[in-house]
1. What does the charge add up to near PRO19, with Lys and Arg as +1, Asp and Glu as -1, over the other residues with Cβ less than 14 Å from its Cβ?
2. Could you tell me the largest-minus-smallest coordinate of the C-alpha atoms of segment 97-178 on each of the three principal axes, in descending order and whole angstroms?
3. Among residues other than SER167 whose Cβ falls under 13 Å from its Cβ, what is the net charge (Lys/Arg +1, Asp/Glu -1)?
4. Compute the Rg/Rh shape ratio of segment 1-50: radius of gyration over Kirkwood radius, all on alpha-carbon atoms.
5. For segment 1-106, what is the largest minus smallest coordinate of the Cα atoms on each principal axis, given in angstrom and ordered from greatest to least?
6. Can you list the lysines whose alpha carbon sits under 21 Å from that of LYS150, skipping same-chain ones fewer than 8 residues off?
7. Order the following by accessible area, largest value first: MET130, MET50. Probe radius 1.4 Å; ligands, DNA and RNA are ignored.
8. Stokes-Einstein diffusion coefficient for segment 51-120 at 10 °C in a medium of 1.306 mPa s, Rh from the Kirkwood formula over Cα pairs: what value in µm²/s?
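The values are calculated or read from the model by the stated rules, or taken from the named source; none is laboratory data. Given the structure is predicted, the values throughout are model-derived calculations rather than measurements. Cβ placement follows ideal geometry from the backbone for every residue including glycine, while neighbour counts extend to all protein chains displayed. Only protein heavy atoms, including side chains, enter the accessible area calculation; ligands, DNA and RNA are left aside. Shrake-Rupley method; radii C 1.70, N 1.55, O 1.52, S 1.80 Å.
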Amino acid sequence: MAEQRMATTRRDCPARLVPVGDPITIPANNFVTITQSLGGNYTVVYQGNMLRVDGTDADALGLPKYELNFADAGDGKINEEQVWEALESVYDPEIPVNLRALGLIYQMKADQQSGTVHIEMTLTAPGCGMGPVLVGDVKHRVALVPNVKKVEVELVFDPPWHRDMMSEEAQLETGMFY
């Protein structure tokens, strides 16, 4: 989303405080400023605080709920391209770039026999308070892929993340390309 816009909450709206991830509820009938809309999630400003609203609660902002749907090939296998697509739908709430393009996803393995997807990921900073929110987003979105029975996410900090891990497109988008 390129420009900010105002919205009025239509019902109590669950959100998470950025960057610490603490839960907060924006009461119904209050104004918020939507500053980012990516991957079906929204970053809003309410009473001077930046908050993240999950796309599943977008109706509270008067917007359509976000749904990620995948076709099942019918072969009982996990489609790894769909897993990557799900991962690309999760955006950092402070940086308008998806986790894969940011270089935060170190590894993805699909165990076809057990239906388990194991993901190794990191955060832009070890103390990032949004870590639990991002891990939850990854688990939720990957679980939508047909034949995925379990999603395991392991947060790792070795090697430490640095901007060179970002795709060139992400570096250009954020002004970090030198």
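1. Charge balance near PRO19 sits at -1.
2. 44, 25, 20
3. -3
4. 0.93
5. So the extents along the principal axes, rounded to whole Å, are 48, 27, 26.
6. By straight Cα distance, LYS150 reaches LYS77, LYS109, LYS139.
7. Ranked from most to least accessible, the order is MET50, MET130.
8. So the translational diffusion coefficient is about 113 µm²/s.
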